[in-house]
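Data first, discussion second: the structure below is written as C-alpha cells.
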Amino acid sequence: MALEIYKEAFAIAAAAAFRESYPDIHREVGDAEVFQRQFVYAALEKPKDPRMGRFALPVFKFAKLLKESPPAIVGRVAPVIDRHLRAMTPPSPVHCTGTGAFLNAGIDSASLLKQALGAILDSAVAYGASSIGSGKTVLVEYSSPNIAKPFGVGHLRSTVIGNSLRRIFKKLGYNVVGINYPGDWGTQFGKMIVAYRLWSTPETLRGDVVANLLELYVRFHTEAEKHPELEDQARAAFKSLESAEPEAVRLWEEFKQISHAEFDRIYGILGVEFDLVYGESFLNDKMEAVISRLEKDGLTSMSRGALVVELDDPNLPPALLKKQDGATLYLTRDLAGAFWRWAEYRFDLSLYVVGSSQADHFRQMLKVLELLEQKEQLPDMERLSSRIKHVDFGWIKFGDKSMSTRRGNIIILEDVLDRAVALVKQRIMEKNPDLAEIDKTASIIGVGAVIFTQLSARRQRDVNFVWEDVLNFDGETGPYLQYTHARLCSLERNYNKPVGSDIDFSLLDHEEEIRVVEALLEFPAIVADAAAQYEPYYVSSYLLRLAAAFNKVYQRKDEAGRIDKIISDNAELSAARMALVKAVRTVLKEGLYLLGLGAPEEM
RNA sequence: GCGCUCAUAGCUCAACUGGAUAGAGCAUCUGCCUUCGAAGCAGAGGGUUGGGGGUUCAAGUCCCUCUGAGCGCACCA
C-alpha cells in the first residue's frame, strides 16, 4: 500500500545511520532498538503539522541508550540518514531533515504524486481494498427492530453502523454475513394480543397499520396502570402463543407480516442490506440443547427458583437461563444463537451492534461461554468466546425526554427521513430546478444527511437528536460530501475528455494539491483502521478532510486574487489537475458507499 | 450503594492510542460568484482539556482522588 514503501526506505536508512553514528553502542547491544529496521519502522509517527514532513521519528526514547540529548542525536544522525537515502539505487524520494527532537521525513512530491495518483487511477473502485480478510468470516448483527413496534430513530444507529461495517469488512476481503435479528418473541406479544382482542376495530388493519398497532400497545400500558389484571391476561396470552394455540399464532403471524413489510420498505429507503434475517422465535427449539449442555457441565444451579449460571465475577449478576415459571430468557436465546451461528459459519469474528446499555448482558454471555469452554477444555479452534465482540454505541437522546415506546413517546424514523427529503427537495427547487431526477436525488441526499449524523462521531458517544442539526446541510455533513462529489462530476462533464495516462504530475505543485494527494494516500489505512476498531466514523471524518482539502484546491486564488481554475487553456496542466479530480471522486464515492450513502452526479 | 461509560471553544465533535503551537463544523462578525456548481472558500473572535494530586524527557491521552452526567444492577429485551 501507498505509504509503506517510503516508510520502509526511511527505516532502512535510519537504522543504518544509527549503526554508523554510534558504532560503540551498536557493538554493545547488537542489531536491536534503533539499530534495527523494524524497530524504527514501528516508531514512526505522523506529524501534527504536515509541513513537518510526511512522517517522523521522535528520538526522545533513544537519548538514554545513545547517551546524548535528543537535539544532539538529531543533529548528528539526520544528515547521515539523508546520505543513506541518497545512496540507494535508485536514490530514494524520501528526504530527512532534523527539527528539534524529531527526524522528519519528506517525500519528493513528484514521486508521491505519481505513485498515489497512478495507484488510484489504475485500481479505481478497488483502491483501498485488501485481501487481509480473505478466507475469514465475519458476522455482523445489526438493526434488530421489534415486531409490532414502529421503526424509531432509536434503531437507526445500530442499523447504519452495522450496514457500514458490513461494507467495510467486505472491502477488506472478508466473507461477511450481515444478520438482522428482529424481536419477534416475548411477553410483549401477550400484551399485543390482549390489546388487539380488546380494542381493535376493522379500521386497525387499514391505513397506517403499524401506527395503529402502536396505539394499541400504548393503550395497553396506560390501561394496565389502572387495571393490573391486564398484565395477567397478557401473560396468559403469551402462554397460549407458546403452546401454539392457533388463534394466538394467527395474530402473531399477522403482526410479523405487517412489521416485516414495513421494515423492508424502510431498509429500501435507507439502502440497508442483510444476508440473513431470523427472529428470536427461530431459536425457540434450540435453547434446550444449550441448557442441558450447561447442566451436564455442572455449571448451572437453582437460585430463587430460577435456573442460573453463577459467574465468578462479583460485578455481574448470575446469568439467568430459566425463570421461576420455566420460561427462557433473552440471554438463553443469545447463547443458543451464538452456538447456532458457530455451527453454521465457524466464524472468525462475530459482531453484535447493540447499544451500550446492554453491555452487562454481553459480558454475562461471554462469561458463560468462557466457563463452558474452560470446563469442557475445548481447544482454541473450538472456542467462540474470544471471537464475539459487543460493538456498543451510545444512546440517541431527544432533548431532555427519554424515548419510550410504552408511552408512545417516540420519533418515527420515516418521519425524520420524510422531513429531510422534503427539505432537500425544496432546496433543489430553489437552486437547480432543471435537475432531471429531483425526487430520486432529494431522497439520496436527505437520507444521506440523516445517516451521516449517526456516523460522524465515535460510536460510544451519546448523540442528541436535534431537528435543527439533522436538517442542516452545511459544514460537516453528508450533503457536503455529496455536493463535493457532484462538483467533481461537473468538472468531468465540463472537461469532456478521458483522463489520460500520460500525465506530467510535477505540474501539480501547489501546497493545496499536495495536501489532497497525501489525503488520498491515507484511504487504505483508514479503511483498515475502521474495521479494526469497528468505527465507521474513521471513514466519515476522513472523507470530510479529503473533501475539504479538495475544495481548497478548487477555490485557490492566484497572486492576482483570481480563482486558479482546474480546467484552463493549458492542456497539460488541465490534464494533470483532472487526474487529481478523478482520483478524489473515486475515493469520495467509494468512501460514501462504505458509509451507506449515495453519491449523486448532480444535485 | 456497587459496576460500566464518559467530561475538550457558547453548542456539536476531532486530536494518529504518551509526542512538536489542542484542531474542525455550527452559531456570531467580515470578505469572495461579468458563471470550471456559493450545499462552497478565505479571514476574525472564542480554551487553565470539569477540580486537585501523581507517573516521565514529554499528559487532553496513563494512575489516584474529588465533582458532575448517562447507562446497568436476576426472572423485560
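Odds and ends about this structure:
- Straight Cα distances below 16 angstrom link A:Lys149 to the lysines A:Lys191, A:Lys256, with same-chain residues fewer than 8 positions distant left out.
- Most positive-pole-ward Cα, A:Ala17, A:Gln454, A:Gln374, against dipole of chain A from beta carbon charges: A:Ala17
- A:Arg235-A:Met429 FRET efficiency (beta carbon distance; Förster radius 56 Å; 0.05 resolution): 0.55
- Cα-Cα over 24 Å, subset of A:Lys7/A:Lys114; A:Lys322/A:Lys397; A:Lys61/A:Lys114; A:Lys286/A:Lys367: A:Lys322/A:Lys397; A:Lys61/A:Lys114
- Highest average packing first - A:163-176, A:348-361, Cβ atoms within 10 Å: A:163-176, A:348-361
- Potential lengthening of the chain between A:Leu205 and A:Tyr278 amounts to 23.8 nm, from the contour at 0.36 nm per residue minus the alpha-carbon distance.
- When only Cα pairs below 8 angstrom with a gap of at least 6 residues are kept, chain A shows a relative contact order of 15 percent.
- Among the lysines of the range A:414-595, pairs at least eight places apart or on separate chains and with Cα atoms under 21 Å apart come to 11.
- Cβ-derived FRET efficiency at R0 45 Å, A:Arg250 paired with A:Ser490, nearest 0.05: 0.20
- Alpha carbon Rg of the range A:268-426, scaled by the compact-globule rule 2.2 N^0.38 Å: 1.28
- Charge dipole (debye, nearest 20) of chain A; +1 at Cβ of Lys and Arg, -1 at Cβ of Asp and Glu: 780 debye
- Expressed in units of 2.2 N^0.38 Å, where N is the residue count, the Cα radius of gyration of the range A:168-256 is 1.42.
- Residue-averaged [θ]222 nm for chain A, counting only DSSP H segments that reach four residues, each worth -39500 (n - 2.57): -17500 deg cm²/dmol
- Computed Rg/Rh of the range A:414-595, alpha carbon atoms with Kirkwood Rh: 1.00
- R0 of 41 Å, Cβ-Cβ distance A:Glu8-A:Arg346: FRET efficiency to nearest 0.05: 0.70
- Note on the range A:1-108: dipole from Cβ charges, positive end direction compared against A:Pro47, A:His84, A:Leu65; the farthest Cα belongs to A:Pro47.
- Potential lengthening between A:Lys136 and A:Arg363 on full extension [0.36 nm per residue; Cα-Cα distance subtracted]: 79.3 nm
- Dipole magnitude (debye, nearest 20) for the range A:4-107, charges at Cβ of Lys, Arg, Asp, Glu: 220 debye
- Charged side chains reduced to their Cβ positions (Lys and Arg at +1, Asp and Glu at -1) give the range A:414-595 a dipole of some 220 debye around its Cα centre.
- Listed residues A:Asp275, A:Asp469 arranged by accessible area, highest first, probe 1.4 Å: A:Asp469, A:Asp275
- Of the solvent-accessible surface of the range A:1-82, computed with a 1.4 Å probe over protein heavy atoms with every protein chain present, carbon and sulfur atoms account for 57 percent.
- Length gained on full extension, A:Asn551 to A:Glu20: 186.6 nm, using 0.36 nm per residue less the C-alpha separation.
- Model label sites at A:Ser386 and A:His260, defined 7 Å from Cα along the beta-carbon direction, differ in position by 3.8 nm.
- For peptides A:579-585, A:245-251, sequence by mean Cβ density within 10 Å, most packed first: A:579-585, A:245-251
- Inverse mean reciprocal Cα-Cα distance (Kirkwood Rh) of the range A:493-586, Å: 14.5 Å
- Area of A:Ile132 that stays accessible when all protein chains are in place (1.4 Å probe, Å², to 10): 100 Å²
- Rounded to whole Å, sorted largest first: equivalent-ellipsoid semi-axes of the range A:115-241, Cα gyration tensor: 47, 16, 11
- Residues A:Ile526, A:Ile269, ordered by accessible area of protein heavy atoms at a 1.4 angstrom probe radius and largest first, appear as A:Ile269, A:Ile526.
- Whole-Å semi-axes of chain A's equivalent ellipsoid (Cα gyration tensor): 53, 35, 18
- Oblate is the label for the range A:4-107, because the ratio a/c of its alpha-carbon gyration tensor axes (a ≥ b ≥ c) is 1.5 or higher and a/b is not greater than b/c.
The values are calculated or read from the model by the stated rules, or taken from the named source; none is laboratory data. Keep in mind that this is a model prediction, so the values were computed, not measured. Glycine gets a Cβ as well: all are built from the backbone with ideal geometry, and neighbour counts include every protein chain shown. Accessible surface areas use protein heavy atoms only, side chains included; no ligands, DNA or RNA. Shrake-Rupley method; radii C 1.70, N 1.55, O 1.52, S 1.80 Å.
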